[in-house]
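Okay, so here's the structure we're looking at.
The values are calculated or read from the model by the stated rules, or taken from the named source; none is laboratory data. In this text the structure is predicted, and so the values were computed from the model without any measurement. All Cβ positions, even for glycine, are placed from backbone atoms using ideal geometry, and neighbour counts span all protein chains on display.
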């Protein structure tokens, strides 16, 4: 860790000579220097760094250069290298996207500015289907403010920026298992209609294993129970992704855009578990288990908007969309004793259907000198139907609502207004406000559940360009944001743990949850280097009320006395942090320097939850630190580029309550690639991901009722090798 901080500081020091020279550069751009007419004619947009620099509300842009850099197979692998972004779960297996170390839904993920359908995963989205990624650390009024940690907006590929048919064929190799993928992107134009057809077909195979050591001890340290579980699983997934986009320009200048995203995936797998219990007053539930699973998932989401030009520079942008999700899964599990006799058989099926429709709009207009006013609305309705059946070998239901229909309806409405004001050439400000209301209702077992939340979020952002240093600026933001309970936390059907214990409880929902409310302050200093370089230092504070945590207790159920985990609002928390970023091309800072691009970022986080004794009473799963280092080297004499990136997150220890402590091991991920360009149209990329292949370990301790329950887990990770051939026609 001590080596990372000097590296970041050295990057900052590199910028100082460039700062000293800025006084000799041209003054701030005059009206004659503007290139807006060119942008309008060509249909282009500002480059990534220029757009970031000119945005009043802090926004980082990562375009095709970053998306293509390492030949990643999914968007999750791209996100893990971005400043302040981490992934939960094991290396090489993806996981929940997190900003500022905050998991559990604090980070808002959007696709084309809209929330994706339920069950959507970053691992299902190929980088070839994405035009750019926008990372916003503070909320803005035109997007939902359900973004306490920040917002990641994934913009799917636009057609107007492409001119060639692109074909990519790749194969990933892990533990001798091949996972091929074929991607096709075809742009076209017919009169006023332009379109892009993007599709990918994949077949993935993987193998996993896990070791679990469970222990229960009394108050004197006497061993009451000890178990060893050795699990092994293998499976495959077949996937088809389609993302066509259409754009039609009318004679009056209006534009109609429509884009769909379709994902179809079928999975199957087999697993087996050996359970040994050398100590225990009662025999284990089983000694050997064998399980087969299957799944069929389809997601369809449509996005559309109509842009109508009004008098002057005013315009009306009306959005519309729909979503459909179908998830069918089944599991058949056999449990045997030590002699191989069948003890029980469990059949689990889950059929879930999600439907949604939404509309919205935004009116924008210049208002006075330097003002750009925007106001709009959003309406969304969604409906879920779920049928879960869980039966043992005698046909007995495993929970009270097994086989019943669970229906849930969510209605969301929002109004917003914002004003971007260029006060002077040095000062820009943004003032916005958003009201959002969400109502969730559900019927299950003749009982109705209703939950309503309403949140008003005022938002302020400001940028000051330092006089005499046109490449330096300071940002500040004061915002209100929130995190609403998801449908699963409100009305979830019970999830049963086969080896129920304090460290492996059943999970249920809580219909009385309130949204978490956060007040946030952000400050940042940015210095821009060359065409695409930046050095920045930023800090933030989030003050959170109505914090949601899962409460652990023993409850009497249809299956007897069991440990159950359910979410609850527990009170107040605060988190803060400092984030450093340095990104630059060496050739732009030094004469005759090699073509080397550097990328680095380091983050340090603090948090405290009231009502839970310390130490380690942190927000759930938040690491204290995280860092990324990366480098790309392009040879001058041969068409070869080499690159590497390193992601580091230290071990995390969190006291989640006065009863429970949870730990997870450090994560070190080293990725490398080599890119050979045969010509301007064909290239081949060879990548190696997770070269260190560290084991992922975890530990949970629960002290309750005079018994200490412990669970230690070990999950191996594996190196993935991949090769990708890309050609344009």
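Scanning for something buried (at least 16 other Cβ atoms within 10 Å of the Cβ), in contact with a strand residue (DSSP E or B) (Cβ under 8 Å, 6 or more places away or on another chain) and under 30 Å from residue 306 (Cα atoms), does the range 231-242 turn up at least one residue?
yes
Hey, could you check the range 273-288 for residues that are without any contact (Cβ under 8 Å) to a residue 60 or more places away in the chain and closer than 14 Å to residue 345 by Cα and say which is surrounded by the fewest Cβ atoms within 10 Å (Cβ to Cβ)?
By that ranking, first place goes to 288.
Taking the range 619-642, which residues are under 17 Å from residue 107 (Cα atoms) and surrounded by 21 or more Cβ atoms within 10 Å (Cβ to Cβ)?
Correct list: 619, 622, 623, 626.
Within the range 140-248, which strands (runs of 3 or more DSSP E) (wholly inside it) include 1 or more residues that are in contact (Cβ under 8 Å) with a residue 24 or more places away in the chain and farther than 30 Å from residue 105 by Cβ?
In the range 140-248, 166-174, 177-190, 193-217, 223-242 are the strands (runs of 3 or more DSSP E) which contain 1 or more residues that are in contact (Cβ under 8 Å) with a residue 24 or more places away in the chain and farther than 30 Å from residue 105 by Cβ.
Read through the list (1) within 30 Å of residue 462 (Cβ to Cβ); (2) crowded, with 22+ Cβ neighbours inside 10 Å; (3) at pLDDT below 85; (4) touching a helix residue (DSSP H, G or I) at 6+ places or on another chain (Cβ under 8 Å), then give the number of the only condition that residue 152 fails.
(3)
Listed here are the residues, each with its yes/no results for (1) in contact with a helix residue (DSSP H, G or I) (Cβ under 9 Å, 6 or more places away or on another chain); (2) at pLDDT below 85; (3) closer than 30 Å to residue 453 by Cβ; (4) buried (at least 16 other Cβ atoms within 10 Å of the Cβ).
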position	(1), (2), (3), (4)
356	no, no, yes, yes
362	no, no, yes, yes
375	no, no, yes, yes
378	no, no, yes, yes
381	no, no, yes, no
387	no, no, yes, yes
424	no, no, no, no
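Yes/no matrix, rows are residues, columns are (1) in contact with a helix residue (DSSP H, G or I) (Cβ under 6 Å, 6 or more places away or on another chain); (2) farther than 25 Å from residue 724 by Cα; (3) in a helix (DSSP H, G or I); (4) touching a residue at least 60 places away in the same chain (Cβ under 8 Å):
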| site | (1), (2), (3), (4) |
| --- | --- |
| 66 | no, no, yes, yes |
| 76 | yes, no, yes, no |
| 81 | no, no, no, yes |
| 91 | no, no, no, yes |
| 95 | no, no, no, no |
| 104 | no, yes, no, yes |
| 110 | no, yes, no, no |
| 116 | no, yes, no, yes |
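If you go through the range 338-377, how many residues are closer than 26 Å to residue 498 by Cα and part of a loop (DSSP other than H, G, I, E, B)?
Result for the range 338-377: 4.
Among the numbered conditions (1) out of contact with any helix residue (DSSP H, G or I) (no Cβ under 7 Å at 6 or more places or on another chain); (2) crowded, with 21+ Cβ neighbours inside 10 Å; (3) closer than 20 Å to residue 263 by Cβ; (4) at pLDDT 80 or above, tell me where residue 130 comes up short.
Result: residue 130 passes all but (1).
Condition first: in contact with a helix residue (DSSP H, G or I) (Cβ under 7 Å, 6 or more places away or on another chain) and outside any strand (DSSP E or B). Now tell me which residues in the range 572-624 satisfy that.
Listed by number, the residues that qualify are 589, 593, 594.
Just one of the numbered conditions (1) at pLDDT 90 or above; (2) in contact with a strand residue (DSSP E or B) (Cβ under 9 Å, 6 or more places away or on another chain) is not true of residue 339; which one?
(2)
Would you pick out the residues in the range 641-661 that are touching a residue at least 40 places away in the same chain (Cβ under 8 Å), part of a strand (DSSP E or B) and within 30 Å of residue 611 (Cα to Cα)?
Hits for the range 641-661 are 649, 655, 660, 661.
Let me spell it out: the conditions are (1) surrounded by fewer than 16 Cβ atoms within 10 Å (Cβ to Cβ); (2) within 36 Å of the chain's Cα centre (by Cα); (3) over 24 Å from residue 176 (Cα atoms), and residue 292 meets all of them except one. Which number is the exception?
Of everything listed in (1) surrounded by fewer than 16 Cβ atoms within 10 Å (Cβ to Cβ); (2) within 36 Å of the chain's Cα centre (by Cα); (3) over 24 Å from residue 176 (Cα atoms), residue 292 misses just condition (3).
Suppose we filter the range 451-497 for residues that are within 26 Å of the chain's Cα centre (by Cα) and within 17 Å of residue 522 (Cα to Cα); how many remain?
Summing the residues that are within 26 Å of the chain's Cα centre (by Cα) and within 17 Å of residue 522 (Cα to Cα) in the range 451-497 gives 13.
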